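Since every read-out is calculated from the coordinates, none of them should be taken as a lab result. Predicted model only: the values in this text are computed from it and were never measured. We place every Cβ from the backbone using ideal geometry, glycine too, and count neighbours over all the protein chains shown.
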Protein chains: 2
Amino acid sequence: MPRNGDDARRRLQQAALELVQEHGYDATTSAEIAARAGLTERTFFRHFSDKREALFEEDPRLRPALTEAMAEAAQGLPPLEIVLQALRSVGPLLEENRAFTAPRQPIIAATPALRERADAKTAALISLLAAGLRQRGVEAKLAALAAQVGMAAFSYAARAWFEDPTETFDVHLTQAFQALNRMSPG
Amino acid sequence: MPRNGDDARRRLQQAALELVQEHGYDATTSAEIAARAGLTERTFFRHFSDKREALFEEDPRLRPALTEAMAEAAQGLPPLEIVLQALRSVGPLLEENRAFTAPRQPIIAATPALRERADAKTAALISLLAAGLRQRGVEAKLAALAAQVGMAAFSYAARAWFEDPTETFDVHLTQAFQALNRMSPG
DNA sequence: TCCGATTTCGTCAGTCACTGACATATAGAC
DNA sequence: GTCTATATGTCAGTGACTGACGAAATCGGA
């Protein structure tokens with residue numbers, strides 16, 4: 001009965017966005033979202049493991065791109081440089097997904113349950129970066145430290161880029177790194 | 001009908017710990033936890049807003065201590081120094097709560113739902129630190145950056161202290177800060 | 001063109017987290 | 001010995017999520 005092929009997922013995401021914008025996240029049920037998409041609640045949970053996930057979308061190329069960039073970085077680079085270089089390489093992905101991300105950002109920020117999920121997602125990316133460093137021989141705790149610091153710069157750049165999209169994400173990331181350097185060498 | 005006074009909460013926490021250690025988090029229901037504590041499920045949810053919360057415990061002095069330390073830091077200090085100083089001041093609280101934290105740490109690490117909550121809690125602390133910096137006139141994005149970097153050092157120190165409790169947490173935090181300084185001044 | 005396999009969805013029944021409303025019993029103030 | 005605030009029990013209900021099963025549509029090939 002493959003009626004819709006793949007756009008069922010997109011319809012569900014769109015329906016979720018609209019309903020949550022209208023009534024708030026807690027006040028919209030998964031059944032309502034499915035109904036607006038012309039589907040059943042059961043089908044909703046076939047496309048999303050979670051009610052929250054309908055408001056998110058991780059580019060499937062993100063994680064592979066990060067791990068690959070981590071693995072292919074030049075030898076002898078300090079850990080934080082490796083992380084920054086990897087994060088720089090996925091800038092275009094961020095820019096590509098802005099149309100999806102932008103309208104959902106304020107909703108996520110305003111909904112504790114969604115913010116929690118967002119925090120977990122960045123934490124998962126930090127783990128990915130740390131794992132990449134460990135695979136290059138960096139000690140575990142140090143790897144986690146560098147990964148967290150790198151992601152902090154990334155978040156800084158992301159926030160700046162959301163405020164001012166006229167500049168490339170890359171430019172913002174460079175500025176974030178500069179702010180970082182001005183920070184610790186006390 | 002105040003039969004148990006305040007230790008009902010502790011009994012629930014203890015029951016939750018035991019049952020989760022025995023059968024895993026997902027396989028233990030809130031009703032079972034309440035039953036082992038000699039209480040009802042309804043009472044469980046009067047003591048914890050969430051099933052997950054039975055495995056956590058935030059010292060009520062933590063957040064006030066942090067905000068106070070942030071506010072009372074000397075003028076003219078760079079943001080990261082302020083954060084580090086505040087985090088240093090709550091080291092004793094960490095050490096005091098080790099008996100509660102230690103046995104729950106592996107469970108949280110092994111359970112995605114609990115890890116998500118833990119991530120959210122650290123994110124909330126980061127927000128608290130950032131707010132403290134903003135109140136001192138630090139620009140928003142820069143405040144967030146310094147708060148995240150500071151919390152990264154704190155996490156580093158916490159992990160090191162859990163591995164080696166013979167040293168003070170303060171010592172580990174100093175070493176974390178040193179590792180941080182060796183990191184960025186490239 | 002017909003057929004079998006795969007995919008995508010609907011239906012149904014069920015579990016579990018969590019909540020509101022109301023009753024009840026206990027500890028402590030007086 | 002009342003009176004009151006507090007801690008708990010009971011009950012009914014909502015909503016997220018899952019497993020099992022069936023049905024229809026698509027696709028590959030004979």
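Quick notes on this one:
- Fraction in percent of alpha-carbon pairs per bin - 5 Å, segment B:1-137: 2, 9, 17, 17, 16, 13, 10, 8, 5, 2, 1, 0
- Relative contact order [Cα under 8 Å, 6+ residues apart], chain B, whole percent: 17 percent
- Table column - 3J(HN,Hα) (Hz), segment B:115-124, Karplus curve with 6.51, -1.76, 1.60, x for Gly and Pro: 4, 4, 5, 4, 4, 5, 5, 5, 4, 5
- Shown for B:Ala140: label points 7 Å from Cα along the beta-carbon vector, and their distances to the equivalent points in the other copies, 3.8 nm in ascending order.
- Alpha carbon centroid spacing (whole Å) that separates segment A:67-106 from segment B:36-53: 42 Å
- Residue by residue, segment B:132-149 carries 3J(HN,Hα) couplings of x, 5, 4, 5, 9, x, 6, 4, 4, 5, 5, 4, 4, 4, 4, 4, 5, 5 Hz when phi is fed to the Karplus relation 6.51 cos²θ - 1.76 cosθ + 1.60 (θ = phi - 60°); x denotes Gly or Pro.
- Isotropically averaged projected area of segment B:62-181, using the convex hull of Cα atoms (one quarter of hull area), nm²: 7.5 nm²
- Segment A:7-55 - percent relative contact order, Cα under 8 Å, separation 6 or more: 38 percent
- Distances, shortest first, from the label point of B:Arg36 to those at the same position in the other copies read 4.2 nm; the point lies 7 Å along Cα to C-beta.
- Within segment A:7-55: Cβ-based charge dipole about Cα centre, in debye rounded to nearest 20 (Lys, Arg +1; Asp, Glu -1): 240 debye
- When A:Gln75 is represented by a point 7 angstrom out along its Cα-to-C-beta vector, the spacings to that point in the other copies are 5.4 nm, nearest first.
- Exercise: per-residue mean of other protein chain Cβ atoms within 10 Å, B:113-125: 4
- Global geometry of the protein assembly as shown, whether rounded, prolate or oblate, following the gyration tensor of its Cα atoms and the 1.5 cut on a/c: oblate
- Eligible aspartates and glutamates near B:Lys51 by straight Cα distance, threshold 15 Å, same-chain separation 8 or greater: B:Glu18, B:Asp26, B:Glu32, B:Glu41, B:Glu116
- Integer Hz, Karplus 6.51/-1.76/1.60 couplings in order for segment A:57-68, x for Gly and Pro: 6, 8, 4, x, 7, 4, 5, x, 4, 5, 5, 5
- Modelled label reach - A:Thr29, point 7 Å along Cα→Cβ, segment A:50-65 residues with backbone N closer than 19 Å: A:50-54
- Chain B: most fluctuating residue of B:Pro112, B:Pro60, B:Pro165 per GNM, C-alpha cutoff 10 Å: B:Pro60
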